[in-house]
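See structure below.
Readers should treat all values here as calculations from the given coordinates under stated rules, not as data from a laboratory. In this text, all values refer to a predicted model and were calculated from it rather than measured experimentally. Positions of Cβ are backbone-derived with ideal geometry, glycine not excepted, and every protein chain shown enters the neighbour counts.
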Amino acid sequence: MPQKNSLKGNHAHSDLGGEEWPRSKAAKNLAPGFTSLQWSPGPLRRDLFTGSQIDTEPLGDQAEVASRAETKLYHRRWFMLFLFSAVSASNGFMWLEYGIISNIFMRFYNIDSLAIDWLSMIYLLTYIPLILPVLWLLDNRGIRDVVLVGAAFNCIGAWIKIGSASPDMFPLTFFGQFVCSVATVFVLGIPSYLASVWFGEAEVSTACAIGVLGNQLGIAIGFLLPPILVPNVDDMDELAHHIRTMFFITAGVATFLFILVVFVFQERPKIPPTQAQATARSIPPEQYSYMVSILRLLRNKPFILLIITYGLNVGCFYAVGTLLNRMIIEHYPGEEVNAGRIGLTIVIAGMVGSLICGIWLDKTKTYKQTTLAVYLMTLVGMIVYAATLSLGHLWVVFITAGALGFFMTGYLPLGFEFAVELTYPESEGTSSGLLNCSAQVFGIIFTICQGRIIDRFGTLAGNIFLCVFLLIGTIVTGLIKSDLRRQKANLLTKAAEERQKLGQDYGATTLISQQQTPPSQA
């Protein structure tokens, strides 16, 4: 049975609260070596790390406090992750099922290119006003309710679109797409939150990457299947039949996943996976202020810079994904299927990049260095893709698009995990939500602007437009201060546990020595 969420937000914190610290035994024996790490009391009686180093000098009785909680990893954590990823994939597919065959839907509904672009951009626009209410729901109701509502909206929107497979039903198909876009708000920022609640310290970045892969897998299928399921035929009745078939398939999958979420998806494990999560559960929910948390994040300068750079990178990805069909068809007429395959190549390469980056972060914890390197390579990939698109060789486009996707899409989990490090101990869902909000804003701006530039000046000018903003994002990424607060907390807990073991060994040795000492020498 799902476990009730006893903490608003399930934040990952350090093991001692700011105001509780003076009451603990550890406060009486705070070692001098501990002063290199500064503390300031944060919300929820948590500690915010403002120092830049961890000193592992003797920690006194703090070890007794830090190592008290029981932790455990459950095998079913992987099922929760893959079920969520499947829901996210279903929603990601419906984002691109129109855009990748935009020329076919433009003819079917008798609409212009901007109208078809809005079928994709509605996903981005809906996210902006709804993300704060959804984050509040996540903090107050927990991850199960949020994922359940998201799966419900995804299912309802898919069934609405079945009735829109007629040339005069564009308003209905737009409404169905709008309902599906609401589901995106409930699932897009969940990966880092779910990873922290269910997974251990050594696998949390990999789990986050897999959660992001779910949405990318759906986008990949959205690039691949629509050109196959809906061929560019002249007969409108036959075309309507193909469109209706695609809508029925998506509705069936969305319904199946919704039923699974209702009966299977759980809030969190009974025993927490990490010491940080164990501490989070012990803090009363009434001590948490959602709006204060938001305001505190907006005063975090490194996180604000990350919000900007993440928005620039992912906004470029949204623009490329939305306009890919138009860019390919302009240079390779009649290649709708290959346009979908190129999109598939971008996302599949990005999925590999995401997984590799997640594993790399779990092993090295080099968040800023990895993020900067991937951002720089995204810029290089975009320049090469822009320069080779019009050469007339599709195989070259496949290679350059794959290289671009490897880094551009591979950046997604990096941004999530870097944000969790910079904003610890705030809610992972809140930081991810703000990142995604930035991405939606820039995605709308870039899609509209690049579309207008392509119409007037061609694809090269449109892609150069994106390169300029990726260059800006690379420079700003280099300015982000690498304040890895979550890693400091984990190091602190490990140091406390080691100190406790050393203390126990020393006490046992002293006792044995006293017992072995002859009375005459005592």
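So how far, in whole Å, is the C-alpha centre of the stretch 182-222 from the one of the stretch 459-503?
A separation of 18 Å, based on Cα centres.
7 Å from Cα along Cα→Cβ at both Ile472 and Ser282: what's the point-to-point distance in nm?
4.7
Within the stretch 208-239, what residues put their amide N at less than 20 Å from the label point 7 Å along the Cα-to-Cβ vector of Ser166?
235-239
So, R0 is 45 Å and r is the distance between the beta-carbons of Asp235 and Trp395; what FRET efficiency does that work out to, to 0.05? Could the numbers behind the result be given before it?
On the way: r = 33 Å, r/R0 = 0.73.
According to the calculation, E is roughly 0.85.
Place a +1 charge on the Cβ of each Lys and Arg in the stretch 322-403 and a -1 charge on the Cβ of each Asp and Glu, then give the dipole magnitude about the Cα centre in debye, rounded to the nearest 20.
380
First measure r as the distance between the Cβ atoms of Leu298 and Phe248, then evaluate 1/(1 + (r/R0)^6) with R0 = 60 Å and state the FRET efficiency to the nearest 0.05. Provide the component values of the computation, followed by the final result.
Values: r = 44 Å, r/R0 = 0.74.
Efficiency, rounded to the nearest 0.05: 0.85.
Go through Lys72/Lys494; Lys72/Lys365; Lys481/Lys501; Lys365/Lys494; Lys368/Lys488; Lys301/Lys494 and tell me which ones have a Cα-Cα distance over 24 Å in this structure. Before the final figure, lay out each step's value.
Working: Lys72/Lys494 16 Å; Lys72/Lys365 22 Å; Lys481/Lys501 34 Å; Lys365/Lys494 16 Å; Lys368/Lys488 15 Å; Lys301/Lys494 28 Å.
The answer is Lys481/Lys501; Lys301/Lys494.
Using only Cα atoms, what is the ratio of the radius of gyration of the stretch 70-160 to 2.2 N^0.38 Å? Can you show the working numbers first?
Details: Rg = 17.1 Å, N = 91, 2.2 N^0.38 = 12.2 Å.
Expressed relative to 2.2 N^0.38 Å, the Cα Rg reads 1.40.
What is the calculated FRET efficiency for Met291 to Ile128, with r their C-beta to C-beta distance and R₀ = 25 Å, to the nearest 0.05? Walk me through the numbers before you get to the answer.
Working: r = 18 Å, r/R0 = 0.72.
It comes to 0.90.
Please sort 330-337, 403-410, 149-156 by packing, taking for each peptide the average over its residues of neighbouring beta carbons within 10 angstrom, highest first. Walk me through the numbers before you get to the answer.
Values: 330-337: 15.2, 403-410: 26.4, 149-156: 23.5.
Those peptides, ordered most packed to least, come out 403-410, 149-156, 330-337.
Calculate the spin-label point distance for Ile445 paired with Ile228, positioning each point 7 Å from the Cα along the beta-carbon direction, and give it in nanometres.
Calculated label separation equals 3.8 nm.
Report the full-extension gain for the segment Ala387 to Tyr74: residue separation times 0.36 nm, less the Cα-Cα distance, to one decimal in nm. Intermediate results must be reported in sequence, preceding the final value.
Numbers: separation 313, 0.36 × 313 = 112.68 nm, distance 4.89 nm.
Separation in residues times 0.36 nm, less the Cα-Cα distance, equals 107.8 nm.
For the pair Ser113/Lys494, report the inter-label distance in nm, with labels modelled 7 Å from Cα in the Cβ direction.
5.3
For the stretch 363-503, just list the percent of Cα-Cα distances falling in each 5 Å bin from zero outward, please.
Answer for the stretch 363-503: a P(r) of 2, 9, 13, 18, 17, 12, 9, 7, 5, 3, 2, 1, 1, 0, 0 percent.
Per residue Cα convex hull volume for the stretch 161-203, in cubic angstrom? All intermediate terms of the calculation are to be shown ahead of the outcome.
On the way: hull volume 3.4 nm³, N = 43.
Taking the convex hull of the Cα positions in the stretch 161-203, it is 79 Å³ per residue.
Ordered by packing density, taken as the mean number of other Cβ atoms within 10 Å over each peptide's residues, highest first, how do 71-77, 96-102 rank?
Details: 71-77: 13.7, 96-102: 26.4.
For the peptides 71-77, 96-102, the packing ranking is 96-102, 71-77.
Amide H to amide H under 5 Å from Asn300: which residues, 5+ apart in sequence or cross-chain, H placed 1.01 Å off N in plane?
Result for Asn300 returns nothing.
Net charge near Ala251: determine it from the other residues with C-beta under 13 Å of the C-beta of Ala251, scoring Lys and Arg +1 and Asp and Glu -1.
Working: positive: Lys161, Arg244; negative: Glu97.
Computed value for this residue: +1.
If you count, for each residue, the other Cβ atoms within 10 Å and average over each peptide, how do 300-313, 247-260 line up from highest to lowest?
Details: 300-313: 22.0, 247-260: 18.7.
Top to bottom by mean Cβ count within 10 Å: 300-313, 247-260.
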